[in-house]
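Asker: Structure provided below as structure tokens; questions to follow.
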Amino acid sequence: MTAPRVEITDIQDGFAKEGYICNAHIATAIFLARNLDKPILVEGPPGVGKTELAKATSEYLNLELIRLQCYEGLDEAKALYEWKYGKQLLYTQVLKEKLGDLMEGAQGLAASMERLHEFDDTFFSEEFLEPRALLKSLWSENGSVLLIDEIDKSDDEFEAFLLELLSEYQITVPELGTIKAKSSPIVFLTSNNTREIGDALKRRCIHLYIPFPDADLETRIITSRVPEVEEGLRKQLISFVQNLRELELKKVPAVSETIDWARTLVLLHAKELDSDMVRNTLNVLLKFQDDIDNIDGDINALTTKARAAAE
Amino acid sequence: MSQVLSNFVRALRAQDVRVSISESVDAGRVAELVGFADRQVLKDALSQVLAKTDEEKFAFDDCFDQFFAFDQFKPPKPASNENDAQDQQAPEDGSGTGEEGEEDDGEGGESEGSGQPSDSGSAPGSGGSGSDDREGAAENSAAPPDRDLTALLENGDDVELQGQLAAAGREVGADRIRLFTQRGLFTRRIMEAMGLDGLNETINQEQRSGSSAGEARAENLRELREAFRLEVRDYVERQLELYTANAGRQLREEVLSKINISNVDRRDFKLMQALVRKMAKRLLALNSRRKKKSRRGQLDVRRTIRQNIEYDGLMFDIAWKQTKVDRPKVVAICDVSGSVAQYATFLLMFLYSLTEVLPKVRAFAFSNQLGEVTDLFAEKKIDAAIAEALSVHGGGSTDYGRAFEDFEAIALDDIDHRTTVLILGDARSNFGDPRADILDKVHDRAKRVLWLNPEGKTLWNTGDSEMKRLSPHCDKAVVCSSLNDLERIVSEILRTAV
């Protein structure tokens with residue numbers, strides 16, 4: 001067995017190849033999830049790459065990514081399976097027409113019933129089952145990466161329903177019995193913390209909190225994602241964003257916003273930050289008019305600071 | 001190693017990190033998987049299976065660093081210098097020292113045996129027979145390190161010493177330390193488990209030997225012993241800190257949430273504030289989503305038809321009518337006059353937290369004139385907001401009649417059948433007309449009116465208290481004098497809101 005440290009570094013490198021730059025903390029979570037067979041609950045502010053992590057994992061491990069977006073009112077019919085009612089109806093019609101032929105030669109009610117019973121089971125078999133995201137991931141032959149996105153948006157009942165899946169990698173369909181995973185998927189649950197996730201769910205998961213990246217990590221992310229941006233400008237914009245996060249804002253800019261901003265600046269052929277350019281492009285970084293108004297006075301100071309830091 | 005982990009889990013629990021049994025089992029698997037060799041990996045990995053909220057992660061980081069702090073064990077510099085000097089002297093004495101050392105060993109062992117009664121004699125304060133048993137066991141198993149303490153100290157082998165100290169700590173159960181006053185006891189027990197008796201014997205012998213080298217060695221050993229004692233004491237204090245750091249606070253919080261708000265000391269305000277916030281957060285977590293109530297039995301025809309179009313209009317999938325349980329609209333009126341000065345801060349604190357929990361709260365404060373503080377609460381931080389609300393509206397003499405008149409003018413139109421009206425105050429109106437007729441109007445329009453009175457029920461209607469005239473126009477009038485009362489009432493409002 002190789003040392004865990006080595007494996008974790010391997011994961012980091014593998015992710016880097018897929019364009020996802022992460023620190024050892026995140027890689028450790030992936031390492032644990034694979035070795036302990038446990039789902040990962042990823043929390044953190046919006047835009048720090050929670051969903052990206054699942055995507056990167058699926059690419060890195062070369063597994064199919066199955067995504068389930070949660071929303072209020074999501075129920076098991078939409079998440080797990082549904083009977084193909086239409087098909088069942090159609091078959092019933094067909095059966096009705098063929099009923100005479102089938103019953104031919106059957107003596108008495110008991111014999112007829114027996115013949116009909118043969119069809120009972122067909123109607124509730126996998127043939128008529130429409131698999132949805134959760135069932136698909138259990139059925140997948142080589143394992144899969146299952147992303148249950150924004151679990152905090154779903155209802156309590158759905159959260160409770162997930163418990164069986166998350167701890168045993170199996171689900172129970174009343175008509176079919178228990179379906180076990182062919183090979184256990186790697187499960188990611190993401191949450192933006194709009195509500196507290198239940199303890200029962202948390203207990204079953206590895207808990208990973210992704211904070212805003214520090215300057216060093218963010219630099220690497222920008223280098224990887226927006227390679228066109230020149231080094232001087234990169235340093236300036238990252239220092240600017242890092243300082244911006246210190247201020248009191250309604251919505252602090254996240255990594256995804258930094259990337260967008262870097263792309264914007266490249267598009268505008270910017271060589272370095274100046275106050276006017278910042279003022280014009282600020283709506284890429286800040287998503288509330290209040291925030292934009294509030295920091296308007298600080299822009300000059302922030303820009304100067306960023307330029308000083310880059311030197 | 002699992003002993004170490006389970007101790008660590010206990011330490012975590014003492015720091016308010018909730019660790020379930022299955023999580024500690026996970027921690028065991030994690031430790032097995034990543035090993036103890038790489039500190040950072042271990043820390044990352046354990047934090048992911050043990051600490052599951054922001055606050056817990058912070059607590060975990062601290063606790064991990066404290067629990068696995070191995071570098072604290074540095075013998076004082078002068079002592080180790082003398083130690084080196086002693087080492088250089090030692091060859092001069094040649095083989096003699098060695099022989100003496102061996103003799104010491106034997107005698108150390110004997111004295112340990114005979115010393116036992118006196119040990120248990122010194123222990124009665126702490127823990128009955130259990131601790132005595134443990135001590136006995138400790139001394140038996142500690143016999144091997146016992147012989148080494150002298151040599152260990154003289155060699156200055158930090159790593160070994162530190163390992164043995166940790167082992168001895170475990171044997172005497174230093175992790176069970178609960179009280180500050182037990183420090184001395186546990187320090188002594190650990191030292192004894194590590195062979196203090198042997199060391200003392202050696203010192204005495206050297207002293208008696210009369211030779212200058214012997215005296216010097218005794219002197220040096222005494223210094224080492226003193227330095228070592230301080231280190232053991234440090235170790236014990238760290239254990240105390242680790243396992244009981246929060247116990248005092250937890251006890252105080254428990255008391256604070258039970259006692260009458262007017263009896264809370266000024267110095268506990270900060271803690272109280274934290275408690276109120278915690279309460280608000282808990283209520284928020286429980287009620288953060290809109291709930292739905294199915295009324296099974298009433299067919300929702302429109303939805304059923306829409307749902308079943310795909311089945312050729314056959315009614316396969318039946319939908320029932322539902323009602324959405326909305327979060328309540330709350331209007332809170334808070335008395336901040338002189339008569340409730342003790343409570344005013346807390347009532348405002350509570351009001352402030354309420355505006356954080358519920359999206360639709362309008363807050364009013366009055367002593368004789370009434371004013372809205374909703375915007376103030378939205379803009380400012382809790383301390384500033386409360387201070388300003390008190391300075392603007394507080395301090396005056398109460399006039400409920402005037403306040404209700406103001407309220408009628410400002411907000412009566414906004415009260416509808418979904419609104420819950422909360423009134424926080426003692427109903428002491430300085431013998432003025434409390435204008436119960438206005439409250440009656442409010443009551444007619446609102447979903448319900450709740451009166452929270454900080455005074456005990458026996459004081460209602462005494463003096464200028466107008467509860468008798470006002471309470472008929474409330475759906476409920478209750479005593480609310482402690483945090484626990486508050487929490488109960490608010491959670492009831494949230495639960496029953498439709």
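The values are calculated or read from the model by the stated rules, or taken from the named source; none is laboratory data. Source: prediction; values computed, not measured. Ideal geometry is used to build each Cβ from the backbone, glycine not excepted, and the neighbour counts take in all protein chains shown.
Asker: Against the conditions (1) under 22 Å from A:Ser191 (Cα atoms); (2) surrounded by fewer than 18 Cβ atoms within 10 Å (Cβ to Cβ), where does A:Ser144 fall short? Just the number, please.
Answerer: Looking at each condition in turn, A:Ser144 falls short on (2).
Asker: So which helices (runs of 4 or more DSSP H) are wholly in the range A:238-311 and hold at least 1 residues that are under 33 Å from the mean Cα position of the chain (by Cα) and over 18 Å from A:Ile222 (Cβ atoms)? It would help to see each step written out before you state the result.
Answerer: Numbers: elements: A:255-267, A:275-285, A:289-295, A:299-310.
Ranges flagged: A:275-285, A:289-295.
Asker: Another question, if that's okay. Could you count how many residues in the range B:337-370 are of a type in the set (Val, Ile, Thr) and modelled with pLDDT of 80 or more? Talk me through it step by step, then tell me what you get.
Answerer: Of the range B:337-370, the ones of a type in the set (Val, Ile, Thr) are B:340, B:345, B:355, B:357, B:361.
Narrowing the set further to residues that are modelled with pLDDT of 80 or more leaves B:361.
Selection size over the range B:337-370: 1.
Asker: Checking the conditions here, which among A:Ile21, A:Ile30 is more than 10 Å from every other protein chain (Cβ to nearest Cβ) and either outside any loop (DSSP other than H, G, I, E, B) or not hydrophobic (A, V, I, L, M, F, W, C) (or both)? Full working, then the answer.
Answerer: Details: A:Ile21 fails: either outside any loop (DSSP other than H, G, I, E, B) or not hydrophobic (A, V, I, L, M, F, W, C) (or both).
So the residue among A:Ile21, A:Ile30 that is more than 10 Å from every other protein chain (Cβ to nearest Cβ) and either outside any loop (DSSP other than H, G, I, E, B) or not hydrophobic (A, V, I, L, M, F, W, C) (or both) is A:Ile30.
Asker: Among the listed residues B:Leu251, B:Leu179, B:Leu196, identify the single one that is modelled with pLDDT under 85, under 39 Å from the mean Cα position of the chain (by Cα) and buried (at least 16 other Cβ atoms within 10 Å of the Cβ). Lay out the reasoning, then the answer.
Answerer: On the way: B:Leu251 fails: buried (at least 16 other Cβ atoms within 10 Å of the Cβ); B:Leu179 fails: buried (at least 16 other Cβ atoms within 10 Å of the Cβ).
From the options B:Leu251, B:Leu179, B:Leu196, the qualifying one is B:Leu196.
Asker: Of all residues in the range B:294-329, which are in a loop (DSSP other than H, G, I, E, B), surrounded by 14 or more Cβ atoms within 10 Å (Cβ to Cβ) and modelled with pLDDT of 80 or more?
Answerer: B:Asp300, B:Asn308, B:Ala319
Asker: Give the number of residues within the range A:154-176 that are over 18 Å from A:Cys205 (Cα atoms) and crowded, with 17+ Cβ neighbours inside 10 Å.
Answerer: Total satisfying the criteria: 1.
Asker: Could I ask something else about it? Restricting to the range A:189-230, give me the number of residues that are within 12 Å of another protein chain (Cβ to nearest Cβ), out of contact with any strand residue (DSSP E or B) (no Cβ under 8 Å at 6 or more places or on another chain) and assigned to a loop (DSSP other than H, G, I, E, B).
Answerer: Looking only at that region, the number is 5.
Asker: Please go through the range B:20-68 and pick out each residue that is facing chain A (nearest Cβ under 10 Å) and of a type in the set (Ser, Thr, Tyr).
Answerer: If the condition is that a residue be facing chain A (nearest Cβ under 10 Å) and of a type in the set (Ser, Thr, Tyr), then B:Ser20, B:Ser22, B:Ser47, B:Thr53 are the ones that fit.
Asker: Let me ask another. Right, A:Ala106: free of Cβ contacts under 8 Å to residues at least 60 places away in the same chain, touching a helix residue (DSSP H, G or I) at 6+ places or on another chain (Cβ under 6 Å) and either more than 30 Å from A:Ala200 (Cα to Cα) or in the same structural domain as A:Glu196 (by TED's automatic domain parsing) (or both) or not?
Answerer: On the way: free of Cβ contacts under 8 Å to residues at least 60 places away in the same chain: yes; touching a helix residue (DSSP H, G or I) at 6+ places or on another chain (Cβ under 6 Å): yes; either more than 30 Å from A:Ala200 (Cα to Cα) or in the same structural domain as A:Glu196 (by TED's automatic domain parsing) (or both): yes.
It is true that A:Ala106 is free of Cβ contacts under 8 Å to residues at least 60 places away in the same chain, touching a helix residue (DSSP H, G or I) at 6+ places or on another chain (Cβ under 6 Å) and either more than 30 Å from A:Ala200 (Cα to Cα) or in the same structural domain as A:Glu196 (by TED's automatic domain parsing) (or both).
Asker: Here are B:Ala436, B:Ala409, B:Ala384, B:Ala427: which of them is under 25 Å from B:Val479 (Cβ atoms) and free of Cβ contacts under 8 Å to residues at least 40 places away in the same chain?
Answerer: Values: B:Ala409 fails: under 25 Å from B:Val479 (Cβ atoms); B:Ala384 fails: under 25 Å from B:Val479 (Cβ atoms); B:Ala427 fails: free of Cβ contacts under 8 Å to residues at least 40 places away in the same chain.
Only one candidate passes the filter, namely B:Ala436.
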